[in-house]
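The values are calculated or read from the model by the stated rules, or taken from the named source; none is laboratory data. Small disclaimer: the values here were computed from a predicted structure and weren't measured. When we count neighbours, we look across all protein chains shown, and the Cβ atoms used for this are built from the backbone with ideal geometry, even at glycine. Accessible surface is based on the protein model in full, side chains and every heavy atom, while ligands, DNA and RNA are left aside. Shrake-Rupley method; radii C 1.70, N 1.55, O 1.52, S 1.80 Å.
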Amino acid sequence: MQVGPTPSRWITSTGGSRVTDPYTPSNTNITLYAQWTPSQYTLTYDANGGNVSPVSKVITYNEIYDALPTPSRTGYTFIGWYIDQSFSSQVLASSTYTTAADSSIYAKWRGNAYVVSLYPNYPIGGTSDPVQ
């Protein structure tokens with residue numbers, strides 16, 4: 001992976017043609033424009049105790065995250081992806097990737113609540129109201 005943006009070529013105008021190599025200057029002034037290729041990085045999905053597929057993808061700097069996988073974890077509900085393990089900033093598919101390096105995003109979970117019914121006086125062969 002590249003570190004930082006790298007000009008991919010020089011052109012003669014914002015919509016112009018590529019400058020050939022070697023360039024032979026004319027007798028007039030000319031302005032050349034750098035045409036940049038955005039850097040790409042590896043984004044790793046940290047399922048934080050769960051399972052996720054795929055576990056990573058290549059992402060382009062300054063473009064949206066786009067489709068994000070939904071992880072699974074028994075006994076938990078997935079809340080969302082976050083850029084840090086303290087869950088201070090959520091990442092959405094529409095968020096823009098602005099980290100100029102490989103990075104990870106972290107799954108946030110909420111434990112599922114369950115109702116347990118107890119039958120403390122349940123007689124064998126009889127009925128009793130449950131205690132919740």
- The FRET efficiency for Arg110 and Gln35, from their Cβ-Cβ distance with R0 = 35 Å and rounded to 0.05, is 0.15
- Message: Counting only other residues whose beta carbon sits under 15 Å from that of Tyr97, what net charge do I get with K and R as +1, D and E as -1?
- Response: -3
- Query: Among residues other than Ser56 whose Cβ falls under 12 Å from its Cβ, what is the net charge (Lys/Arg +1, Asp/Glu -1)?
  - Reply: -1
- Item | Heavy-atom accessible surface of region 31-80: percent carbon and sulfur, 1.4 Å | 47
- Query: What nm distance separates the two modelled labels at Glu63 and Phe87, each placed 7 Å from Cα along Cα→Cβ?
  - Reply: 3.1
